[in-house]
Structure formats: structure tokens, C-alpha cells
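Data block below; observations after.
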Amino acid sequence: MLTFEFIQHKEIKSMNTEKLIERIMTSVKENKIVLLECKLEPDERMKLIKRAIELVDNDFTGIELLVLNEDRERTISKILKTHIRNAMFLPERKKGMTIIGPSKIIKGMEHDFGKVHIHTKPQTKLE
Amino acid sequence: MIARVRGLLKGFFKRIFKGRKKIKLGLYGPPNGGKTTLANKICNDWIGEEMGTVSSIAHETREVQVKEQIKIQSNGKELEFNLVDTPGIATKIDYEDFLKSGMKEKEAKERAKEATRGVIDSIKWLDDVDTVIIVLDSTHDPYSQVNITIIGNLEARDIPVLIVANKVDLKKSDIKRIKSAFPQYEVVGISAKYGKNIEEFYEKLFEVAN
């Protein structure tokens with residue numbers, strides 16, 4: 001069985017980055033695919049990757065992630081605004097969606113024209 | 001969070017005082033892009049020695065390696081830097097992938113362990129580099145979350161970036177795809193293995209680092 005866990009924006013908005021990452025990784029280590037109702041910033045994604053790799057052992061092999069609604073127009077003022085806000089307050093949770101799942105189950109993810117494709121590994125049994 | 005702002009300010013001041021001190025030039029990217037092959041090419045060209053070993057098996061480089069005081073020259077200009085070759089950053093490491101490369105189970109598990117430490121070290125070193133060369137395999141899809149995350153991080157800290165589209169000697173190489181994925185950056189297509197277009201690479205490096 002493949003389990004998706006939806007973490008809503010209202011739950012996430014009161015969390016700092018470290019708490020959010022632990023929340024995500026707890027579910028991913030239980031072989032759940034997390035649908036996060038926000039866009040993770042690059043520094044949060046890097047921390048998530050680092051944490052996932054720290055947890056790698058013979059059973060847990062890491063994560064696959066996909067960020068929807070990627071903002072490619074990052075101006076210096078936008079970047080500074082985000083950093084100052086994140087340093088002084090809780091990180092701003094931007095609209096979007098981040099999907100994170102265990103790489104033992106997910107082979108890859110892609111999105112196009114409003115569709116998300118999650119490719120599972122052949123040995124994954126879908127009941 | 002305070003560290004993040006500190007990093008941003010550090011990047012800002014580094015850019016103000018750029019060219020006045022030796023820079024730390026980091027080679028970053030996913031595994032098997034050719035970072036160490038390029039590091040070896042640079043080291044061979046300018047100091048006459050190799051930096052590390054290369055292999056077709058992923059995660060061959062599992063420790064950050066630093067080669068100090070490399071001086072390069074191009075068009076009458078000189079650039080001095082410490083070259084930092086990093087293990088490839090990945091979101092997953094499965095010892096079973098190493099088994100497929102013909103390793104025994106014990107060796108594969110040990111390699112996976114070393115590879116995880118390498119990825120973590122690479123991420124830690126991101127805070128310490130002044131200029132970064134992103135080395136991508138131009139035969140692969142550049143729109144990966146690892147690439148976007150590395151570049152997004154450097155962009156957020158205002159660190160100068162040069163993107164190298166490596167392995168242009170291969171038929172499937174597609175530089176245009178890399179250029180369209182990261183239009184805000186200089187992209188230079190090279191073959192680190194055969195030295196193809198390496199002069200243009202050095203010229204672009206001067207532009208980005210100076």
C-alpha cells in the first residue's frame with residue numbers, strides 16, 4: 001500500500017525549519033509520501049537533503065523530492081526580504097506544494113501541465 | 001537563521017573586496033558530473049599534478065579535497081585560488097547500487113557510509129566557498145532538484161557561479177538544455193576528460209571570479 005500524508009499550511013506556518021524537517025522525515029521514514037502545502041526555499045531544501053542523508057542506513061536510502069510552483073524570478077530585493085524575515089521571524093511559507101517520499105519506494109517524480117507523475121520502483125507493491 | 005544573514009553579508013563583503021585576496025573556488029554538482037576530472041585538468045594544467053582519482057562508479061570522491069595556491073593566467077591576467085573538490089550532492093544513497101557495480105556487500109555498505117559522510121561535508125563546505133563552478137553532465141536532464149537546490153542556495157547568498165556543461169564529447173550532450181534551465185548564469189560547454197574548450201572555460205572563470 002502506498003500512503004500519502006497531507007501536511008496543511010496551517011500546521012506548517014507555526015514551525016521553524018528544523019521542526020518542519022523533523023516532521024517531514026518522521027513520516028518519510030514510515031514510508032509515507034508527504035504532500036507539503038508550501039514551497040520549501042532552497043536553504044530549507046538543502047537542510048532537508050542533509051538531514052535525509054544523515055539518516056541513511058541499510059534500510060533507509062534517502063529521499064526523492066519535487067517542488068511545484070518554482071519561482072525562477074529571484075531578485076536581490078526578494079532574496080534580502082526573505083533572509084531578513086527568516087532571521088527575525090518564522091520562515092515565510094510560500095504558496096506551492098512540495099512532495100517528499102522515500103527513495104526506496106519512489107524512483108522519480110516529474111510534473112508537467114498541472115499533472116504530477118510519481119514513478120515507483122518495480123518491487124513496490126501497490127495494494 | 002542568523003547564520004544565513006551572516007552568510008549573505010559575508011558574500012556581499014567578499015564581492016566588495018573581490019580580487020584582493022585568494023579565493024576558495026568550489027567544484028559542486030551531482031555525482032558523476034566530472035568534478036574531479038575537471039579538478040585534475042586544472043591542476044595538471046597549472047601545477048603539473050593530479051587532485052584525485054576518477055571512476056565511472058558514483059561517489060568515487062567521498063572526501064572534500066583542497067589544493068592550495070593555484071595560479072592561472074589568461075589574456076595577461078592572473079587569478080590565484082584554493083581549489084575545493086567536493087563529493088557529489090545527492091538526495092539518496094543505496095548500497096545496493098554499489099552491488100550492481102560489482103562490489104561485495106561489505107564493501108558496498110562501507111562505500112555507502114563514506115558517501116553519506118561526503119555529501120554532508122559537501123553541504124557544510126557550501127558556507128565556506130567564495131566562487132563556485134557547478135559541474136553538470138550535459139547528457140543528463142539538468143532540471144533535477146539537487147541542481148536547483150544547489151544553485152538556489154548559492155544565488156541566495158550572492159556567490160558567483162559558473163556552470164560547466166561537461167562531457168560535450170558525448171553524442172547525447174545538450175548544452176542548450178542547461179542554458180535554458182539556468183538562463184541567469186554563464187554556461188560553458190567542455191570536455192574535462194579531453195580538454196575540449198578548456199581555454200574558454202578559463203576565460204569565463206576569470207570573468208566570474210574577478
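Ignore the peptide's own chain and count Cβ atoms of other chains within 10 Å of each Cβ in B:148-154; give me the average, rounded. Don't skip to the end; give the middle numbers.
Details: counts 5, 12, 4, 1, 11, 7, 1.
Average neighbour count from other chains, rounded to a whole number: 6.
Using r as the Cβ-Cβ distance of A:Glu18 and B:Asp128, and R0 as 22 Å, what FRET efficiency do you calculate, to the nearest 0.05?
FRET efficiency, A:Glu18 to B:Asp128: 0.55.
Please compute the average number of Cβ atoms from other chains found within 10 Å of each residue's Cβ in peptide B:91-101.
Mean inter-chain Cβ contacts per residue within 10 Å come to 4.
Between B:Lys22 and B:Thr53, what length in nm is gained on full extension when 0.36 nm per residue of separation is reduced by their alpha carbon distance? Before the final figure, lay out each step's value.
Numbers: separation 31, 0.36 × 31 = 11.16 nm, distance 2.56 nm.
Length gained between B:Lys22 and B:Thr53: 8.6 nm.
Restricted to Cα positions, what overall size does chain B have along the principal axes? Three whole-Å values, descending.
Dimensions of chain B along the principal axes of its Cα atoms: 51, 43, 35 Å.
Through the Karplus equation 6.51 cos²θ - 1.76 cosθ + 1.60, θ set to phi - 60°, convert the phi angles of region B:63-77 into ³J(HN,Hα) values in whole Hz; use x for Gly and Pro.
9, 5, 10, 10, 10, 8, 6, 9, 10, 10, 10, 7, 6, x, 9
Pop out the ³J(HN,Hα) list for region B:148-162 in order, Karplus 6.51 cos²θ - 1.76 cosθ + 1.60 with θ = phi - 60°, rounded to Hz; leave Gly and Pro as x.
5, 5, 4, 5, x, 5, 5, 4, 5, 9, 6, 8, x, 10, 10
Can you give me the long-range amide H partners of B:Lys196? Hydrogens built in the peptide plane at 1.01 Å from N, cutoff under 5 Å, separation of 5 or more residues or another chain.
Result for B:Lys196 returns B:Ser191.
Each reported figure results from applying straightforward, stated rules to the coordinates on display, with no laboratory input. These numbers were taken from a predicted model, which means no experiment stands behind them. Methodologically, a virtual Cβ is constructed for each residue, glycine included, from the backbone with ideal geometry; neighbour enumeration extends over all protein chains shown.
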